[in-house]
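Here the structure comes first, spelled out in C-alpha cells, and everything after it is commentary.
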Amino acid sequence: MENKSDLCGLGSSRKWALLANHYDRSLLRTSAAMYMASLLTNMAWNPRSAPVDLYVNGTYQGSYTLIERVTIASNRIDVDELKDNQGGVNDSPPEVTGGYLLEWDVRMGNDNVVEVGGSGLVGVREPQDEADGSGITETQRAYIDQFLGEADAALFGENFTDDTEGWQKYIDAGSAVDYFLAMELTKPEDGNMFSSVMMYKERDTDPAAGDQGKLFMGPLWDMDTAMGNEDGPGALASPTEWYVRYERPDVPRQSDVTWFDRLNEDPDFQAMVSARWKEVYPDLLTTDSFLVEQQELIAVSAAENFALWDASERLGDVQVVKGSWPAEVSSLRTWLRQRIDWMNTQYGTQP
C-alpha cells in the first residue's frame, strides 16, 4: 500500500496482511490468540485484527482476517529504526545496536539468517535486504550475529541464572514470561523455537554505563495450527500436557534443548511464570465470552464462507476437522476452557 490507511479502525499504516482462514474452520483462532495476547501486557505489542469478507473483482472469496503486519513502527513495534531521519545508515555504536526484528525460522526463508550457537537459525526480518542498497549492512548483520551468540552463550553458561551476567542480561524477563505462557497456552505447532517465533532487540541507551538493549519476545504470529486444530506429535491436540516447557523430542524444534527448555531450568523463571499466571488467569477466562461475541459477529460471514468452501475438507493428515462451523467453534471454546483450567492446576496452586 503506497499511502498509509486506517483499515477497520486498526490504526494507520502502509503494511497489512490478509490471513486466509481455510485451515482454521472456526475462523476465530487468530482473533482468540490476539485477544489473549492483549491481556499478556509484558509483551509491548501484538497485532490487532478484524474479520473481513474478501471480494476480488466483485467475486466473493470467503472470510478472512485483516491483521496488522509485524513491523518496526511507532504504532507497532516501537523501537529505534536502523536508519536516521535523513534515510542514512546507522552503522556506528550505539545506533548499530538496534532495533532489529528477528524470527526463529528453521526454513531459512529470510534474506539474512544467522546461526545462534547450537540453538538454531534466526532470520533478520528488519532491516531487510533491498535492491537499492538501503537495507541491512554487513556491519549490522555482524553485530546482531554476535549479540545473539552472546545471548545463547549466557543462557547455556554455568552462571545462566545470575541476574546480571546470565540470560537476563540479554533477554527481557517480562516478555519472555508472557510469550512462554502464550505458546504453552495455545500450543501452536511451530511455537517451540521452530518457526514464526518473533523477537526484537532495542537499541543500547548508554553503553558506557552498561545499559544494554535487550531482546524482547513476541509478538504472536501464525496461529491457525494452534488450540487443538492439529492432532500432531507432542500431544498437540490435547488441552492437557506441556508442549514447550520440557525437552520433548517429538515436538518440532531446532535443537535438543531450546531456549524455552533452558529458561525453565531457572527456578527464578519458573517462579516468575507461576506468579504471572496467577495475575492473568482471571482475565484469560474472559476469552470464552469474547469468542461468543465474535461468533455472533461473523455468523453471516461464516454461513457465506462455508457455502463456498467445504467445512469437511481435510487439508492434512493431522488436521482436526469437526464437519461444520458451529461444531468447530464449540470445539475451540471447549479446548481453550480446558487448557486454561489445566494450566491453572499447574500454576494456580503453586506457592
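The values are calculated or read from the model by the stated rules, or taken from the named source; none is laboratory data. Nothing here was measured: the structure is a model prediction, and the numbers come from that model. Using ideal geometry, Cβ is built from the backbone for each residue, glycine included, and neighbour counts are taken over all protein chains shown.
Need a quick list: strands (runs of 3 or more DSSP E) entirely within region 11-111 having at least 2 residues that are touching a helix residue (DSSP H, G or I) at 6+ places or on another chain (Cβ under 8 Å).
Fully inside region 11-111 and qualifying: 49-56, 59-68, 100-104.
Being farther than 18 Å from residue 345 by Cα and in contact with an Asp or Glu (Cβ under 6 Å, 6 or more places away or on another chain) narrows it down to one residue among 222, 266, 261, 256; which is it?
Matching residue, one of 222, 266, 261, 256: 261.
Would you please list the contacts, defined by Cβ atoms under 9 Å and residues six or more apart or on different chains, that run from a residue in region 162-173 that is more than 17 Å from residue 42 (Cβ to Cβ) to a residue that is of a type in the set (A, V, I, L, M, F, W, C)?
162/154; 165/154; 166/154; 166/155; 166/160; 169/151; 169/154
Suppose the filter is in contact with a Ser or Thr (Cβ under 6 Å, 6 or more places away or on another chain) and touching a residue at least 60 places away in the same chain (Cβ under 8 Å); does residue 119 pass it?
yes
Determine the pairs where a residue that is within 10 Å of residue 19 (Cβ to Cβ) and not assigned by TED's automatic domain parsing to the domain that holds residue 31, located within region 49-65, has a partner that is loosely packed, with under 15 Cβ neighbours inside 10 Å and at pLDDT below 95 with Cβ atoms under 7 Å apart, the partner being 6 or more residues away or on another chain.
As it stands, the answer is none, since no pair meets every condition given.
Of all residues being modelled with pLDDT under 90 and acidic (Asp, Glu) in region 1-53, which is farthest from the chain's Cα centre (by Cα)? Just the residue, please.
2
The rows are residues; the columns are (1) touching a residue at least 24 places away in the same chain (Cβ under 8 Å); (2) outside any loop (DSSP other than H, G, I, E, B).
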position	(1), (2)
193	yes, no
199	yes, yes
216	yes, yes
225	yes, no
233	no, no
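Select from region 82-110 the residues that are of a type in the set (D, E, K, R), at pLDDT 80 or above and surrounded by fewer than 18 Cβ atoms within 10 Å (Cβ to Cβ) and list them in ascending order.
If the condition is that a residue be of a type in the set (D, E, K, R), at pLDDT 80 or above and surrounded by fewer than 18 Cβ atoms within 10 Å (Cβ to Cβ), then 91, 107 are the ones that fit.
Taking region 178-198 as the region of interest, how many residues are in contact with a Ser or Thr (Cβ under 9 Å, 6 or more places away or on another chain) and either charged (D, E, K, R) or surrounded by fewer than 23 Cβ atoms within 10 Å (Cβ to Cβ) (or both)?
Adding up the residues that qualify gives 5.
Restricting the search to region 166-191, which residues are over 24 Å from residue 338 (Cα atoms), assigned to a helix (DSSP H, G or I) and not aliphatic (A, V, I, L, M)?
Answer for region 166-191, where residues must be over 24 Å from residue 338 (Cα atoms), assigned to a helix (DSSP H, G or I) and not aliphatic (A, V, I, L, M): 167, 168, 169, 174, 175.
Determine which member of the set 280, 251 is under 29 Å from residue 329 (Cα atoms) and modelled with pLDDT under 95.
Only one candidate qualifies: 251.
So residue 274 fits all but one of (1) assigned by TED's automatic domain parsing to the domain that holds residue 174; (2) crowded, with 18+ Cβ neighbours inside 10 Å; (3) touching a helix residue (DSSP H, G or I) at 6+ places or on another chain (Cβ under 7 Å); what number is the exception?
It is condition (2) that residue 274 fails.
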